[in-house]
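*Asks:* Got a structure for you, written out below as structure tokens; questions coming shortly.
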Amino acid sequence: MLKGIIFDFDGVIAESVQVKTDAFAELYLEYGDEVVKKVVEYHESHGGVSRYEKIKLYHEYFLNKVITNEEIEELANQFSKLVVKKVIDSPYVPGVLEYIDKCYKKYKLFISTGTPTEEMNQILEGREIAQYFTQVFGSPEAKTLHLENILSKYDLQPDELLFYGDSNTDMEAAKDKSIAFVFRSHSLNQNRFNNYNGKTIVDFNELLNFSIQG
């Protein structure tokens, strides 16, 4: 019986994936087009990974620079300033708000995101949807740890949960914890899931006319 639903945020609840891509491009603009291209390609193929991890990797592998934790924090703060308002203002994935409203009284709803937890809470407050979610899990913890915490803290079994995500990071975390996964396909991730044969949705409107499991 279904008892809880986990949502990634960017690309699952809000159409905000491009906002993050554009912000990384702007952050590395001073290093030239070739670096920006590598940054964008890595970001797009590693959705759900913390910006802190990405910034460290970009500097080490694309710029050949050692970066301190203080410098990572500084760049992460710049990134946050570029994205928060735009993410708050991004449109919803079609049908998701109605789906959440339909589910939240019956199931525990969670968010598992690569966005810092404090920033994610700020975005949910800005969008006036924070009240729907039992708990929000963000970076710096990895998504596998988010799922471990949900299972243990709320005394849930893997077969009592469902995870909606749009990235390999989401899918792999769900697989690692034996949690059912539903892939949300959109224009920015379709080419990266060509070999995926699991459950897929384009938006949540297709789920609203069916009774929810459990």
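*Asks:* Does the stretch 71-80 contain at least one residue that is surrounded by 12 or more Cβ atoms within 10 Å (Cβ to Cβ) and within 22 Å of residue 129 (Cβ to Cβ)?
*Replies:* Yes.
*Asks:* Then there's this: Taking the options 54, 37, 65, name whichever one is more than 19 Å from residue 9 (Cβ to Cβ), outside the structural domain of residue 120 (by TED's automatic domain parsing) and under 23 Å from the mean Cα position of the chain (by Cα).
*Replies:* Answer to the selection: 37.
*Asks:* Of all residues in the stretch 173-214, how many are under 21 Å from residue 41 (Cα atoms) and either within 13 Å of the chain's Cα centre (by Cα) or crowded, with 18+ Cβ neighbours inside 10 Å (or both)? Show your work before the answer.
*Replies:* Start the filter on the stretch 173-214 by keeping residues that are under 21 Å from residue 41 (Cα atoms), which leaves 183-196.
Filter again for either within 13 Å of the chain's Cα centre (by Cα) or crowded, with 18+ Cβ neighbours inside 10 Å (or both), leaving 183-184, 189.
The qualifying residues number 3.
*Asks:* Also, quick follow-up: Out of everything in the stretch 19-34 that is buried (at least 16 other Cβ atoms within 10 Å of the Cβ) and not small (Gly, Ala, Ser), what residue ends up being farthest from residue 58 (Cα to Cα)?
*Replies:* The extreme case among them is 19.
*Asks:* Go through (1) free of Cβ contacts under 8 Å to residues at least 12 places away in the same chain; (2) touching a Phe, Trp or Tyr at 6+ places or on another chain (Cβ under 7 Å) for residue 68 and report which single condition fails.
*Replies:* Every listed condition holds for residue 68 apart from (2).
*Asks:* Now for a separate question. Which of the residues that make up the stretch 35-59 are among the aliphatic types (A, V, I, L, M) and surrounded by fewer than 23 Cβ atoms within 10 Å (Cβ to Cβ)? Even if it seems obvious, please write down each step before you answer.
*Replies:* Within the stretch 35-59, the first condition is being among the aliphatic types (A, V, I, L, M), and the residues that meet it are 35-36, 39-40, 49, 55, 57.
Passing the criteria: 35, 36, 40, 49, 57.
*Asks:* Of the conditions (1) modelled with pLDDT of 95 or more; (2) touching a Lys or Arg at 6+ places or on another chain (Cβ under 8 Å); (3) small (Gly, Ala, Ser), residue 76 fails just one. Which one is it?
*Replies:* (1)
*Asks:* A follow-up question, please. Given (1) assigned by TED's automatic domain parsing to the domain that holds residue 53; (2) outside any helix (DSSP H, G or I), where does residue 113 come up short, assuming only one miss?
*Replies:* Tallying (1) assigned by TED's automatic domain parsing to the domain that holds residue 53; (2) outside any helix (DSSP H, G or I), residue 113 fails exactly one: (1).
*Asks:* Quick check: anything in the stretch 82-92 of a type outside the set (Phe, Trp, Tyr), assigned to a strand (DSSP E or B) and surrounded by 14 or more Cβ atoms within 10 Å (Cβ to Cβ)? Walk me through how you get there before you give the answer.
*Replies:* In the first step, residues of the stretch 82-92 are kept if they are of a type outside the set (Phe, Trp, Tyr); the result is 82-91.
Pick out the ones that are also assigned to a strand (DSSP E or B) and you get none.
Within the stretch 82-92, not a single residue is of a type outside the set (Phe, Trp, Tyr), assigned to a strand (DSSP E or B) and surrounded by 14 or more Cβ atoms within 10 Å (Cβ to Cβ).
*Asks:* Another one. Would a scan of the stretch 180-197 turn up a residue that is closer than 25 Å to residue 106 by Cβ, without any contact (Cβ under 8 Å) to a residue 24 or more places away in the chain and not aromatic (Phe, Trp, Tyr)?
*Replies:* Filtering the stretch 180-197 for residues closer than 25 Å to residue 106 by Cβ gives 180-184.
Restricting the remaining residues to those that are without any contact (Cβ under 8 Å) to a residue 24 or more places away in the chain gives 180-183.
Narrowing further to those that are not aromatic (Phe, Trp, Tyr): 180, 182.
Checking the stretch 180-197: at least one residue is closer than 25 Å to residue 106 by Cβ, without any contact (Cβ under 8 Å) to a residue 24 or more places away in the chain and not aromatic (Phe, Trp, Tyr).
The values are calculated or read from the model by the stated rules, or taken from the named source; none is laboratory data. All values reported here derive from a predicted model rather than from experimental measurement. Cβ sites come from the backbone with ideal geometry, for glycine too, and all protein chains shown count toward neighbours.
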